[in-house]
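Notes to accompany the following structure.
The values are calculated or read from the model by the stated rules, or taken from the named source; none is laboratory data. If you're wondering where the values come from, they're calculated on a predicted model, not measured in any experiment. For neighbour counting, all protein chains shown are included, and Cβ atoms are generated from backbone atoms with ideal geometry for every residue, glycine included. With ligands, DNA and RNA removed, areas are computed over all heavy atoms of the protein, side chains included. Shrake-Rupley method; radii C 1.70, N 1.55, O 1.52, S 1.80 Å.
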Amino acid sequence: APRVDCPLCACYCRVLAPVYGFKEKQCMSRYLSVMVCASCLAAAFAWAAESNTTDYTCFQTAAPYAPELDIGSDVAVVYGVDETFAGRVAGWREHGYTAAMMTGISWGGYGDYYFVDGQLKRDEIQTVKNGDLLMHGDSTTVGYNVPSPAYVEYIKKRMDPAVDAGVSAIYLEEPEFWARAGWSEAFKKEWQRFYGEPWQAPDSSPDAQYRASKLKYELYFNALRDVCAHIKARAREKGISIECHVPTHSLISYAHWAIVSPESHLSDLPDFDGYIAQVWTGTARTPNIYQGVAKERTFETAFFEYGQMWAMVRPTGRKVWFLADPVEDNPNRSWNDYRANYERTIVASLMWPGVFRYEVMPWPDRIFRGKYPKVDLDTQSGDRQGIPIDYATEILTVINALNDMRQEDVAFTCGSRGIGILVSDTMMFQRAAPQPSDSAMGFFYGLALPLLKAGVPLEVVQLENVVQDGALDDCRVLLLTYEGQKPLKAEYHEAINRWVRAGGVLICVGDGADPYHGVREWWNRQGETDHTPYSHLVELLGVRAGVPDPQPAGKGFVFLAGEHPAQLQHDPAGPERVRQWVRTALELTGSTLDLQHYLMLRRGPYVLGAVFDESISRDPVQLDGAFVSLFDPSLAVQRHVTLHPGDVALLYDLNWAREHAPLPAVAAASTRIRGEVREDGALSFLTRGPVGTVANVQLLVANAPDTIELTPPVPFEQRYHAGDGALLLTFENAAADIAVRMEFP
C-alpha cells in the first residue's frame, strides 16, 4: 500500500492516480524494473509530486504568495501581467501550486494603452449618449474599452510574458460591453465596418438597438478569437500547451444588468477551452419578482445562473469552473450577511452534479485580511472586524469538500425532472432604449421560478446549443418564449422541430407584443416581410397559430400559450398557470407532474438540501441518520437535521461512507487533505491550510487509534465518540504539509 513518506507513492497519489484513474492504490516502487540512483529517483519524484496535474479547484489573486493565503487549492490564478508577475508566479509555484494567469479583456490596468501624451484615449472607451465615458468601478483611468484592432494587438502583447512564464492557462475575464453604450467614435467605425452602412444611434429604434448589441457581441467574440489564437500559437512555438478560458457572468446576470457579452458564442472558437462561471452573492442577490413581490432570492437566482453556465458547456465538452465568493464586491455588508449568502450560492452550485471544478474564491487576501462592518451596511461608525474564526473554518471545510465532488453516486430527491427552459444570448440584445425588455426579467423568471419553487429542478437549455448532438436528450418538456429574446439562426428551429416530432412537448409562451420581432433578421428576410420567430416556428412544426389546446406534431405536441410571461410574475395566480401548462404537457407523455417544496441531491457521501419559502408547503424537512454539516465549523455529528423554509444544507453522510468507503477515512476537514492512505491498520494523510486558521479533521473510524503522530510535531487535541465512530482532531493549520499518521488496534 502507498506510504506518505515514499516519493514514488507521493507521485502516485498526487499525479498518476488522478490522471489515470487508478482505483487500487499500491506502492509504485514494486513496478520499477530499472535500477536507478535512489537519491536521483527520490528527487525526481518529489519534484513530480509538487507538480499538480489536477485543476479541480483554483482561486484568483493579485497578491504574492503569503502563508495566510495558502488555502491549498490546485491552481493559483495570478492576476495581472506587470513587472511583478514573474515573481508572483514563482512564489506560488514554489509552494506547490500550478500557476495560471488572469486579466481583464474589456478593461484593466492598461495605462500605457489608455493614455497618449498624458491624455485619455476617449475615442476607444465605451460612451453613452450624453458623452459620458463608462469607467470601471470608481476608476478615473480604467475604462470599458471598445475592442478596436489596435487594442486587440495591444492585448496580444500583454499575453506574451504569461506564455513565456509557462503558465498552465490564461483566463481573459469579463468581455463586457454595456447595452447603454454605443456613441464612441471607435464604435461608430466598427459599425460601418461590420454592417457596411453608416452608424445609427442605438436608441433610435428597436432595430438599431438590436444591431448595436449584436455588433458588441461580435466585437468581443472576434477579439477573443484573435487573442486566444495568438496565445496558442506562441505556446506552440515554445513547445508547451496553454489553455484559454473566459471568466464571465452568467447570461442571466448580464441580461439583468444590461451588459452584452459573447457568452455561448465563445464555444465556436477552436482555441477556446472553457469558462469560469462568475456567479456569487453580488449577482445572485439581484432582486426578482415572484407572485408580485420583488426581493432577493439568492439561492433560486444562483441555481439558474449556474444552470445556464452548465448549459453552455454540457453539449460541447468545454470545461467550466463554478465560482462562489465568501464575501462580495460590496465592502459594507456584515460577515453574517456574507456567510448566509455564501452558503446559498455554494449549495446552488452543487445542485449541478455534472460540474466538479470550482473557483473556490476570488481574492483570498480580501477574505482573510479584509475587515467588514459588524452591523450590515454600516458605513459610518468604522466599527469593522476581520473574518471570524468560525467562518474561516467553515470556508476551509467547504473548500476541502469541493476537491471531492467528482462523485459517481448521484441521486435527486425532487419534483419532476426532464423539464427545460430555453434561453438565448439575444436576451442581452434588448436591454436598452428606446424600448428595453422587462427590466425585471419576467420573460425568464415568470416561467422559471414557478417550477423551481415547487421543487422541480428546471434545466436551463442554451438555444444556441440545441444543434449539438444530444443537447435535448434529457428533456421531455421545453418552455420557450421569444418575448425578450430571439433566435439567431433558423437551424435552432429545425432542431426543436426534430425533438418535438420525436416525442417532446413544446410550450411556447408569448403574445407577440415584443417590438423586437420586427428587427431586420433572418425570419423576415432582413425586414422584407412581417414574419416573426413565432410564425416561422409554428409553420415548421405544422401547427396552427391561435389554437389554445395542445396540437400534435409527429410523436410530440405543441402548446401555444398566448400571454406575455412577464405578466405571470406579477400575478399571484401566475405560478399555478405555469405549473398547469407543464402538468398538461407531461400528461401527454403519459407521466405526471410531481411537486414538493424542497430539493435534495446526493453526490456520493455529500447531501445537498434547499427548502423553499413561497412554496406549496411550509413544513420543515427532517433528515435522520448520522451527518456532519460542513457549515458547522465544529463538525459535530448530527443524528437529526431539520431544515425550515429558506434553509440550505451541505452535509456529509457518515452512514453512506460506512457502506461505500473503507475505514478509517477523513469525512470532513477545515484543511486541504491529500494523499489519504490506509495500510496495515494505519491511516496516513497530509494536511495544509492558511496560517492563523484552525484545522478540524473529522474522521470516521471503527475504533479509537492507539497512536496519533503529526510530522512535523504539532500540538493537537483529539475527541473520540464511540457511539458515532467519529474521531475529531484539532490543531493549527500550517502553510506547509503536515503528515498525520495514526495506528489502530
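Computed over segment 560-613, relative contact order equals 17 percent, with contacts defined as Cα pairs under 8 Å that lie 6+ residues apart. Based on the alpha-carbon gyration tensor of segment 518-572 and its eigenvalue square roots a ≥ b ≥ c, which shape applies: rounded if a/c is under 1.5, prolate if not and a/b is larger than b/c, or oblate? The shape class here is oblate. What 222 nm value per residue comes from the helices of the chain, counting each DSSP H run with n ≥ 4 as -39,500 (n - 2.57) and dividing by all residues, nearest 500 deg cm²/dmol? Dividing the helical sum by the residues of the chain leaves -9000 deg cm²/dmol.
Quick one: of the DSSP bridges fully inside the chain, what percent are antiparallel, nearest 5? Given both bridge residues lie in the chain, the antiparallel proportion sits at roughly 60 percent. So if I take the centroid of the Cα atoms in segment 570-637 and the same for segment 519-566, what is the distance between those two points in Å? Using only Cα atoms, the two centres lie 33 Å from each other. H493 exposes around 0 Å² of accessible area when a 1.4 Å probe is run over every protein chain in place. Evaluate segment 108-149: find the radius of gyration of its Cα atoms, find its Kirkwood radius, and give the ratio Rg to Rh. Expressed as Rg/Rh, it is 0.93.
Among 230-237, 626-633, the peptide with the highest mean count of other Cβ atoms within 10 Å heads the list, and the full ranking is 626-633, 230-237.
Our summary gives segment 613-745 a relative contact order of 22 percent, counting only alpha carbon pairs under 8 angstrom and 6 or more residues apart.
Share of carbon and sulfur in the accessible area of segment 562-609 stands at 50%, probe radius 1.4 Å. Taking a ≥ b ≥ c as the square roots of the Cα gyration tensor eigenvalues, with a/c under 1.5 meaning rounded and otherwise prolate when a/b beats b/c, else oblate, which class fits segment 470-588? It comes out oblate by the Cα gyration axes. If you filter segment 462-535 for trypsin sites (Lys or Arg not before Pro), then keep DSSP loop positions with at most 16 other Cβ within 10 Å, what is left? Sparse-neighbourhood loop trypsin sites (Lys or Arg not before Pro): K489, R520, R525. Which angle between 0 and 90 degrees, to the nearest 10, do you get for helix 490-501 versus the longest principal axis of the chain when only C-alpha atoms count? For 490-501 against the chain, the angle is about 80 degrees. Return the carbon/sulfur percentage of the accessible area of segment 407-512, one whole number, probe 1.4 Å, all protein chains in place. Roughly 40 percent, rounded to a whole number. Computed from the C-alpha gyration tensor, the three semi-axes of the ellipsoid equivalent to segment 63-120 are 29, 11, 9 Å, from longest to shortest. The value of relative contact order for the chain, using C-alpha pairs under 8 Å at least six residues apart, is 12 percent. Per-peptide packing, taken as the mean over residues of other Cβ atoms within 10 Å, places 530-542, 244-256 in the sequence 244-256, 530-542 from highest down. The slack between T642 and N332, meaning 0.36 nm per residue of separation minus the straight C-alpha distance, is 108.4 nm. All other residues whose Cβ lies under 13 angstrom from that of Q596 are scored, Lys and Arg at +1 and Asp and Glu at -1, for a net of +2. When the residues D571, D653, D511 are ordered by accessible surface, computed with a 1.4 Å probe over the protein chains alone, the sequence from largest down reads D511, D571, D653. Of W199, W191, the residue with the largest accessible area leads and the full order is W199, W191 (1.4 Å probe).
Summing +1 for each Lys or Arg and -1 for each Asp or Glu among the other residues whose beta-carbon sits under 14 angstrom from that of L541 gives +2.
Given in Å, the Rg to one decimal and the Dmax to the nearest whole number for the Cα atoms of segment 307-358 are 13.2, 40.
Using only Cα positions of segment 184-342, each an equal point scatterer, no hydration layer, compute I(q)/I(0) via Debye at q = 0.17 Å⁻¹ and quote the log10 values to two decimals. Summing over Cα pairs of segment 184-342 leads to -1.09.
In this structure, the amide hydrogen of D329, modeled 1.01 Å from its nitrogen in the peptide plane, lies closer than 5 angstrom to those of G282, counting only residues at least 5 positions away or on a different chain. Cross-link reach is defined here as a Cα-Cα straight distance under 22 Å, omitting same-chain residues fewer than 8 places apart; for K188 the lysines meeting it are K121, K129, K214, K216. Taking only the C-alpha atoms of segment 632-745, the Rg (one decimal) and the largest Cα-Cα distance, Dmax (whole number), read 14.5, 47 Å. Each Lys or Arg adds one and each Asp or Glu takes one away; over the other residues whose Cβ falls under 11 Å from the Cβ of T730, this sums to -1.
When the alpha carbon gyration tensor of segment 382-531 is reduced to an equivalent ellipsoid, its three semi-axes come out at 37, 24, 14 angstrom, largest first. The distance separating the Cα centre of segment 322-343 from that of segment 61-98 comes to 23 Å.
Counting only alpha carbon atoms, the long axis of helix 389-402 and the longest principal axis of the chain meet at about 80°. What is the angle, in °, between the Cα long axis of helix 149-164 and the longest principal axis of the Cα atoms in the chain? Nearest 10 is fine, range 0 to 90. It is inclined by approximately 10 degrees.
Per residue, segment 87-156 exposes 42 Å² of solvent-accessible protein surface, assessed with a 1.4 angstrom probe and all protein chains in place. With the gyration tensor restricted to C-alpha atoms of the chain, the semi-axes of the equivalent ellipsoid amount to 44, 33, 24 Å, longest first. 3J(HN,Hα) along segment 470-484: x, 4, 10, 4, 8, 9, 9, 10, 10, 9, 9, 9, 10, 8, x Hz, from the Karplus curve 6.51 cos²θ - 1.76 cosθ + 1.60 with θ = phi - 60°, whole Hz, x for Gly and Pro. Decide, for segment 543-586, between rounded, prolate and oblate: order the square roots of the alpha carbon gyration tensor eigenvalues as a ≥ b ≥ c, take rounded if a/c falls under 1.5, and otherwise choose prolate if a/b is larger than b/c, else oblate. Here segment 543-586 falls in the oblate category. Accessible area per residue (1.4 Å probe, heavy atoms of protein chains only) ranks L727, L686 as L686, L727, with the largest value leading.
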